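Chemist: The structure that follows is given in the form of structure tokens.
The values are calculated or read from the model by the stated rules, or taken from the named source; none is laboratory data. Nothing here was measured: the structure is a model prediction, and the numbers come from that model. Here the Cβ positions follow ideal geometry from the backbone for every residue, glycine too, while neighbour counts run over all protein chains shown. Side chains included, ligands, DNA and RNA excluded: accessible areas come from the protein's heavy atoms. Shrake-Rupley method; radii C 1.70, N 1.55, O 1.52, S 1.80 Å.
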Amino acid sequence: MSILVRHYEPSDRDAVISLWDDVFPDSTGHNEPATSIQRKYDADDGLFFVAELDATVIGTVMAGYDGHRGWIYSLAVTPTQQRRGIGSTLIRHAEQALSNLDCPKINLQVRSQNDEVVAFYGSLGYDTEQRISMGKRLASHAKIGEPDDAREPPS
């Protein structure tokens, strides 16, 4: 099995959406695949990768770096291809890309109830850190193509 890890290309869009719909079925609205993919592509930072087998996208990972910390996002592998080292290969590829940018530390978030994924990242050297993750959704950042009035929360 020869896996190719390469940069995301716009022609991968539908395959990545399908993969994310399979792997992240309970994703929240602000992580809607088409919008997330477009935003990352528009960022043009070279940190969005796909794994390909026989010309078929079977995995993804996105990374980010703001000059202070790196982040890993959207690691996904087609369920029928999981437990074959593809996720580890994608993570190592993203780690190398971040290292090439002199990134000193990588963070990632996992849902607390997802013990299997926590164990996976632990096997790759990631430790659970005692932090509280906080977030705030910005209403002005609706899905791409949504009319302005759709951005306002219901009253």
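Chemist: Of the conditions (1) free of Cβ contacts under 8 Å to residues at least 40 places away in the same chain; (2) β-branched (Val, Ile, Thr); (3) part of a helix (DSSP H, G or I), Thr89 clears all except one; give me its number.
Modeler: It fails just one condition, (1).
Chemist: Every residue in segment 105-117 that is farther than 16 Å from Ile132 by Cβ and either assigned to a loop (DSSP other than H, G, I, E, B) or open to solvent by less than 100 Å² (accessible area, probe 1.4 Å) (or both), please.
Modeler: Of everything in segment 105-117, those that are farther than 16 Å from Ile132 by Cβ and either assigned to a loop (DSSP other than H, G, I, E, B) or open to solvent by less than 100 Å² (accessible area, probe 1.4 Å) (or both) turn out to be Lys105, Ile106, Gln113, Asn114, Val117.
Chemist: Can you tell me which residue in segment 9-58 is modelled with the lowest pLDDT, limited to those that are surrounded by fewer than 16 Cβ atoms within 10 Å (Cβ to Cβ), farther than 14 Å from Gln81 by Cβ and of a type in the set (Val, Ile, Thr)?
Modeler: Across segment 9-58, the extreme among qualifying residues is Thr28.
Chemist: Whether any residue in segment 43-52 is free of Cβ contacts under 8 Å to residues at least 40 places away in the same chain and on the phi < 0 side of the Ramachandran plot is what I want to check.
Modeler: Yes, the conditions are met somewhere in segment 43-52.
Chemist: Considering only segment 119-133, I want to know if a residue exists there that is closer than 23 Å to Tyr41 by Cβ, touching a residue at least 24 places away in the same chain (Cβ under 8 Å) and either exposed (fewer than 14 other Cβ atoms within 10 Å of the Cβ) or not small (Gly, Ala, Ser) (or both).
Modeler: No, segment 119-133 has no match at all.
Chemist: Next question. Check off (1) part of a loop (DSSP other than H, G, I, E, B); (2) at pLDDT 95 or above; (3) surrounded by 10 or more Cβ atoms within 10 Å (Cβ to Cβ) for Asp102 and give me the number that stays unchecked.
Modeler: For Asp102, the exception is condition (3).
Chemist: For Ser123, indicate whether it is at pLDDT 80 or above and over 21 Å from Ile37 (Cβ atoms).
Modeler: yes
Chemist: Separate question: Could you check segment 59-78 and list, in sequence order, the residues that are farther than 17 Å from Arg39 by Cα and either open to solvent by 70 Å² or more (accessible area, probe 1.4 Å) or without any contact (Cβ under 8 Å) to a residue 24 or more places away in the chain (or both)?
Modeler: The answer is Gly67, His68, Arg69.
Chemist: Of the residues Gly64, Gly59, Gly46, which single one is of a type outside the set (Lys, Arg), in contact with a His (Cβ under 7 Å, 6 or more places away or on another chain) and not in a helix (DSSP H, G or I)?
Modeler: Step by step, each of Gly64, Gly59, Gly46 is checked, and only Gly46 is of a type outside the set (Lys, Arg), in contact with a His (Cβ under 7 Å, 6 or more places away or on another chain) and not in a helix (DSSP H, G or I).
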